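Take a look at the structure below.
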Amino acid sequence: MNKRLLSMALAGTVGFAEAAVVAKPVAYEIDGEAFEGTLVYDDAVTTPRPGLVMVPNWLGVTDRAAEKAARAASDKYVVFVADLYGKAVRPSNADEAKAAASSVRADRPLMRKRTQAAVDALKSQAGSVALDSRKLAAIGFCFGGGAVLELARSGADLSAFVSFHGNLDTPNPADAQNIKAPVLVLHGANDPSVPQQQVDGFIAEMKASSADWQLVSYGGAVHSFTDPYAKVPGRNEYHPVVAARAFQAMNALLDEVFAQPRSEARAATGKLDDR
């Protein structure tokens, strides 16, 4: 997707047709395997901005994921759409997406490794875009939300972790003790893909840890409530009011954590260290 096409898409989904939004591919490797994400940013902004690693839904790196990254970025952030499958794997339908996502979800260390590699790929762009690499967070949607939570449980050194309608389960709940930064879960109360048992398990996991966490449950919302293309009533469905509220919640948390020096943020959560 080139700059012009992304700007046209934004005119319909975000509301600023004149935004100078760039979406460029970024190639990187993990253990010799080729991966390719998308860097999304407003090139009219020259002041260094915080960076967000965005793990997309199970379809992976797509033009629609770039649109969502642009919506999240506006003129506040540089966003990197992470590739968790590898450049050779680009699902074209739900069956292929389910197979790709299931393979990664079945291997949580691999999921964490690939998500961290995307963080490193974003950091590597600091010399070519106006990115403040001292201020980084991770956000994710659906499958990507679950991946971001696993990154948090790995002890990743970021400022915040935000999951939108993501999976909440984990094979190792005790790993929540590794979380170093605030976690925000934005959940649809009627989401059939994330049943109440998962929600209850996540709450118990967080309560047993020392993590700084929030879970916001939106009444009337199901899975994919931030996705304008989700049109399966009662299951995967866009909810514009809830989507707006969820992005506001994300921005409120990011404004908070990015306003603090990293040492102060860690001290507030009891996770102070020397890094």
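The values are calculated or read from the model by the stated rules, or taken from the named source; none is laboratory data. Everything quoted here is computed from the prediction, not taken from an experiment. Positions of Cβ are backbone-derived with ideal geometry, glycine not excepted, and every protein chain shown enters the neighbour counts. The area values use the complete protein model at the heavy-atom level, side chains included, leaving out ligands, DNA and RNA. Shrake-Rupley method; radii C 1.70, N 1.55, O 1.52, S 1.80 Å.
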Q: About the Cα centre of the chain, how large is the charge dipole given +1 on each Lys and Arg Cβ and -1 on each Asp and Glu Cβ? Please answer in debye to the nearest 20.
A: 140 debye
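Over the chain, with every protein chain in place, what whole percent of the accessible area is carbon and sulfur at 1.4 Å, could you tell me? Numbers along the way, then the final one.
Working: 5880 of 11660 Å².
Ligands and nucleic acids excluded, carbon and sulfur give 50 percent.
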Q: Have a look at 164, 110, 126 and report the one farthest towards the positive end of the charge dipole of the range 90-171, computed about the Cα centre with Cβ charges (Lys/Arg +1, Asp/Glu -1).
A: 126
Q) Once both labels are modelled 7 Å past Cα along the beta-carbon direction, what's the residue 29-residue 210 spacing in nm? A) 4.0 nm
**Q.** Computed magnitude of the charge dipole of the range 61-193 (debye, nearest 20; Cβ of K, R +1, Cβ of D, E -1)
**A.** 240 debye
Q: Specify the residue with the greatest mean-square fluctuation among 31, 75, 191, computed from a Gaussian network of the chain linking alpha-carbon atoms under 10 Å apart.
A: 31
Q) Using a simple charge model, +1 on the beta-carbon of Lys and Arg, -1 on the beta-carbon of Asp and Glu, nothing else, what dipole does the range 97-150 show about its Cα centre, in debye to the nearest 20? A) 100 debye
Q) What is the Cα centroid distance between the range 100-167 and the range 185-227, reported in whole angstrom? A) 18 Å
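For residue 90 and residue 252, calculate 0.36 nm times their separation in residues minus their Cα-Cα distance, and state this gained length in nm to one decimal.
Roughly 55.0 nm would be gained on extension.
Sort largest first and round to whole Å: the equivalent ellipsoid semi-axes of the range 79-126, each the square root of five times a Cα gyration tensor eigenvalue. Spell out each step's value before the answer.
Working: eigenvalues 93, 36, 9 Å².
With the √(5λ) rule applied to the range 79-126, the semi-axes are 22, 13, 7 Å.
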Q.
Can you sort 135, 113, 207 by solvent-accessible area, 1.4 Å probe, largest first?
A. 207, 113, 135
Q: Kindly identify the range 156-241 as rounded, prolate or oblate by the Cα gyration tensor criterion: order the square roots of the eigenvalues as a ≥ b ≥ c, call it rounded if a/c is under 1.5, otherwise compare a/b with b/c, prolate if a/b is larger, else oblate.
A: prolate
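Is the shape of the chain best called rounded, prolate or oblate, per the rule: a/c under 1.5 gives rounded, else a/b larger than b/c gives prolate, else oblate, with a ≥ b ≥ c the square roots of the Cα gyration tensor eigenvalues?
Rounded.
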Q. Accessible area per residue, 1.4 Å probe, Å², for the range 69-143: what's the number?
A. 39 Å²
Q. Roughly speaking, what is the stretch gain from residue 107 to residue 238, that is 0.36 nm per residue apart minus the C-alpha to C-alpha distance, in nm to one decimal?
A. 44.2 nm
Q. In a Debye calculation with equal point scatterers on the alpha-carbon sites of the range 43-160 and no solvent, what is log10 I(q)/I(0) at q = 0.13, 0.16 Å⁻¹?
A. -0.47, -0.70
(Q) Please compute, for the alpha-carbon atoms of the range 112-180, the extent along each of the three principal axes and give them in descending order in Å. (A) 38, 23, 18
